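J.: One structure, as structure tokens, below. Some questions next.
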Amino acid sequence: MASLSDEISSRRTFAIISHPDAGKTTLTEKLLLYTGSIQTAGSVKGKSSSKHAKSDWMDIEKERGISVTSSVLQFTYDGACVNILDTPGHQDFSEDTYRTLMAADAAVMVIDGAKGVEAQTKKLFKVCTLRHIPIFTFVNKLDHDARDPFELMEEIENVLGINTYPMNWPIGSGRNFRGVFDRQTRRVLAFEGDGHANASKKVAEIEAELGDPAMDELIGEENHKNLMDDIELLDGAGDELDLDAVACGKLSPAFFGSALTNFGVEPFLKEFLRLAPTPRPYTDVISGEPVEPTRDDFSGFVFKIQANMDKNHRDRIAFVRICSGKFERGMTAYHVQGERNLKLATGTSMMADDRAIVDEAYAGDIVGLFDPGIFSIGDTVCAGKEHVRFAGIPTFAPEHFARISQVDTLKRKQFVKGMEELAQEGAIQIFRELGAGMESVVVGVVGVLQFEVLEQRLKSEYHVEVYRQPLPFSEIRWIEGDMDEKAVRALSLTRDTMRVEDMRGGKLLLFTSEWNLNFAVEHNEGLKLSEFGNVT
Ligand code: GDP
């Protein structure tokens, strides 16, 4: 039997990020294909076909062809136990991506070779850098005309501010795409066949050495010459693959390939698994010390809550990133925020909707715990005598606000329950206007599409129809300290400033402009406002 530390050191847990359409889903699918986790391509997601991504649980995803929720895929390959955390590509869900990255030890950034760094790549990349995790780059779609690779590397460095180290180098692109040169082995992996026809099969790779006259035949004389020039330039730059810089996210190992035609996927996976970090320690905020993954006692934190994945069961799953030790189904652990012991009765591993019961899991893994409504995002669970607590996950300040009220006032109970449960999941933030009841709720979201998800889910899961009235707030501030409701109502504010309370009882002010915000600060002595709510 493998020891605890062997199990943990075989774990590789990462998230894939990309601008929509760069090929994240296709790459994920090819990784599963290579590792034998699925048999046919197209079973992860076919946007226009009836086969949807395994992570496409919700109708809205199907309608729009976007992936809204994050799912976790696990497979073993080459002695490694790999966990891929899927993230939504749409910008309106970057908060969800942020939370997912809290549970990842590395990120893979997929870039469309023709488009380079796109808007959403930038935004998600920024989120990655907040965590200082290693970032790997996969430049995709080389079978289509792509931009000059030097130019692409320069763009990544200039726009994203991260250095790159090309692990391999493309030979031509589009119709002229002949393969890649591996800088470690100094060999060429030649691209074979016409791509699309082979799209669902593993591609054959022919290896040959640079400078070999046989290469002229393999990739063409001109390509061979260009490649030698490019490699000379790259080698001349003299950069080393500095592993320390990779580990802290300052240098990104870059790979070229084509996910659709399978080309470059397997070498990428192999190198990635070699370079990617094993589970990292998370800090215990009680002692201020890092909790080593190999610590005997189990610990972890909730980074995502997903409700009603199966309409027939109306259940809720709290996804826990295991930070230390071993999880065993049925074990008892202490829920720090709830201040009580719980039996972790149901562990599920996600091959998206095929939920297999997990009997054991180790630091680095993700388990889905059955949640009867007790967990919130950021909560810690731990076993053993010594309790630990991991830092809470900060919520993004909402950027859009609306008043949501129910159409049928008799359904008040379902309405309140639905709003609260969806807020616990972290998809929306809800506020109560001071002085008002719960017949209407002020909702804040990071991206407007979340309003649509909210309406649709209230309708399909809670059978509640709602009205949505957009509210013109642009600035949100939490009032620091413990100010009671009466004192908040007595504040001197402009008429269009709203006084609200969050789910934890924190008091906030919503402003329609910075001018109104300044007014509040200037007219209320001692009033301290903060951009973030309490996170720990
Ligand atoms: P995502 O939105 O990032 O998940 O992107 P998808 O994986 O769904 O891919 C978007 C589109 O690009 C789909 O039509 C894919 O078939 C196509 N695509 C993905 N990878 C490649 C590739 O390597 N070459 C080409 N030509 N098309 C690709």
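The values are calculated or read from the model by the stated rules, or taken from the named source; none is laboratory data. Computed from a predicted model, the values in this text were never measured in an experiment. Backbone-built Cβ (ideal geometry, glycine too); neighbour counts: all protein chains shown.
J.: Among (1) assigned to a loop (DSSP other than H, G, I, E, B); (2) more than 14 Å from the ligand (Cβ to nearest atom); (3) of a type outside the set (Lys, Arg), which single condition is residue 146 missing?
T.: (2) is the only condition that residue 146 fails.
J.: Restricting to the range 103-136, give me the number of residues that are in contact with an Asp or Glu (Cβ under 7 Å, 6 or more places away or on another chain) and away from the ligand (no atom under 16 Å from the Cβ).
T.: Within the range 103-136, residues that are in contact with an Asp or Glu (Cβ under 7 Å, 6 or more places away or on another chain) and away from the ligand (no atom under 16 Å from the Cβ) number 1.
J.: Please work out which residue is farthest from residue 264 (Cα to Cα), limiting yourself to the range 11-30 and to residues that are small (Gly, Ala, Ser) and either surrounded by fewer than 19 Cβ atoms within 10 Å (Cβ to Cβ) or near the ligand (Cβ under 8 Å from one of its atoms) (or both). Spell out the reasoning first.
T.: Keep residues of the range 11-30 that are small (Gly, Ala, Ser), which gives 15, 18, 22-23.
Within this subset, residues satisfying the condition of being either surrounded by fewer than 19 Cβ atoms within 10 Å (Cβ to Cβ) or near the ligand (Cβ under 8 Å from one of its atoms) (or both) are 18, 22-23.
Numbers: 18: 18, 22: 16, 23: 14 Å.
Per the criteria, the residue is 18.
J.: May I ask you to list the residues in the range 31-56 that are modelled with pLDDT of 60 or more, within 16 Å of the ligand (Cβ to nearest atom) and under 17 Å from residue 85 (Cβ atoms)? Step through it out loud before you land on a result.
T.: As a first pass, look at the range 31-56 and keep what is modelled with pLDDT of 60 or more: 31-37.
This time we only want the ones that are within 16 Å of the ligand (Cβ to nearest atom), so: 31-34.
Answer for the range 31-56, where residues must be modelled with pLDDT of 60 or more, within 16 Å of the ligand (Cβ to nearest atom) and under 17 Å from residue 85 (Cβ atoms): 31, 32.
J.: Same structure again: Can you name the residue in the range 149-169 that is in a loop (DSSP other than H, G, I, E, B) and either aliphatic (A, V, I, L, M) or in contact with a Leu (Cβ under 9 Å, 6 or more places away or on another chain) (or both) and, of all such residues, is nearest to the ligand (Cβ to nearest atom)? Even if it seems obvious, please write down each step before you answer.
T.: Of the range 149-169, the ones in a loop (DSSP other than H, G, I, E, B) are 161-162, 167.
Narrowing the set further to residues that are either aliphatic (A, V, I, L, M) or in contact with a Leu (Cβ under 9 Å, 6 or more places away or on another chain) (or both) leaves 162, 167.
Numbers: 162: 20, 167: 17 Å.
Taking the candidates together, the pick is 167.
J.: Given the options 432, 499, 457, name the one that is closer than 29 Å to residue 413 by Cβ and modelled with pLDDT under 90.
T.: On the way: 432 fails: modelled with pLDDT under 90; 499 fails: modelled with pLDDT under 90.
The conditions single out 457.
J.: Would you check which residues across the range 283-301 are buried (at least 19 other Cβ atoms within 10 Å of the Cβ) and modelled with pLDDT under 95 and list them?
T.: none
J.: Right, residue 185: closer than 29 Å to residue 251 by Cβ and modelled with pLDDT of 95 or more or not? Walk me through how you get there before you give the answer.
T.: Numbers: closer than 29 Å to residue 251 by Cβ: yes; modelled with pLDDT of 95 or more: no.
When the stated conditions are applied, residue 185 does not pass them.
J.: Within the range 236-280, which residues are more than 16 Å from the ligand (Cβ to nearest atom) and among the β-branched types (Val, Ile, Thr)? Working first, answer last.
T.: At the first step, the residues of the range 236-280 found to be more than 16 Å from the ligand (Cβ to nearest atom) are 236-253, 270-280.
Those that are more than 16 Å from the ligand (Cβ to nearest atom) and among the β-branched types (Val, Ile, Thr): 246, 278.
J.: Sort through 65, 23, 89 and tell me the only one that's of a type in the set (Gly, Ala, Ser) and modelled with pLDDT of 80 or more. Break it down into steps so the answer makes sense when it comes.
T.: Working: 65 fails: modelled with pLDDT of 80 or more; 89 fails: modelled with pLDDT of 80 or more.
After applying the criteria, what remains is 23.
J.: Within the range 195-213, can one find any residue that is basic (Lys, Arg), at pLDDT below 90, within 22 Å of residue 114 (Cα to Cα) and in the same structural domain as residue 261 (by the TED database)?
T.: Within the range 195-213, the subset basic (Lys, Arg) is 201-202.
So of that shortlist, the ones also at pLDDT below 90 come out as 201-202.
Subsequent filtering for residues that are within 22 Å of residue 114 (Cα to Cα) retains none.
The answer is no, given that none of the residues of the range 195-213 is basic (Lys, Arg), at pLDDT below 90, within 22 Å of residue 114 (Cα to Cα) and in the same structural domain as residue 261 (by the TED database).
J.: Return yes or no: is residue 337 away from the ligand (no atom under 16 Å from the Cβ) and either part of a loop (DSSP other than H, G, I, E, B) or farther than 21 Å from residue 376 by Cβ (or both)?
T.: Details: away from the ligand (no atom under 16 Å from the Cβ): yes; either part of a loop (DSSP other than H, G, I, E, B) or farther than 21 Å from residue 376 by Cβ (or both): yes.
The answer is yes for residue 337.
J.: Please work out if residue 260 is in a helix (DSSP H, G or I) and either at pLDDT below 90 or crowded, with 17+ Cβ neighbours inside 10 Å (or both). Reasoning before the result, please.
T.: Numbers: in a helix (DSSP H, G or I): no; either at pLDDT below 90 or crowded, with 17+ Cβ neighbours inside 10 Å (or both): yes.
The answer is no for residue 260.
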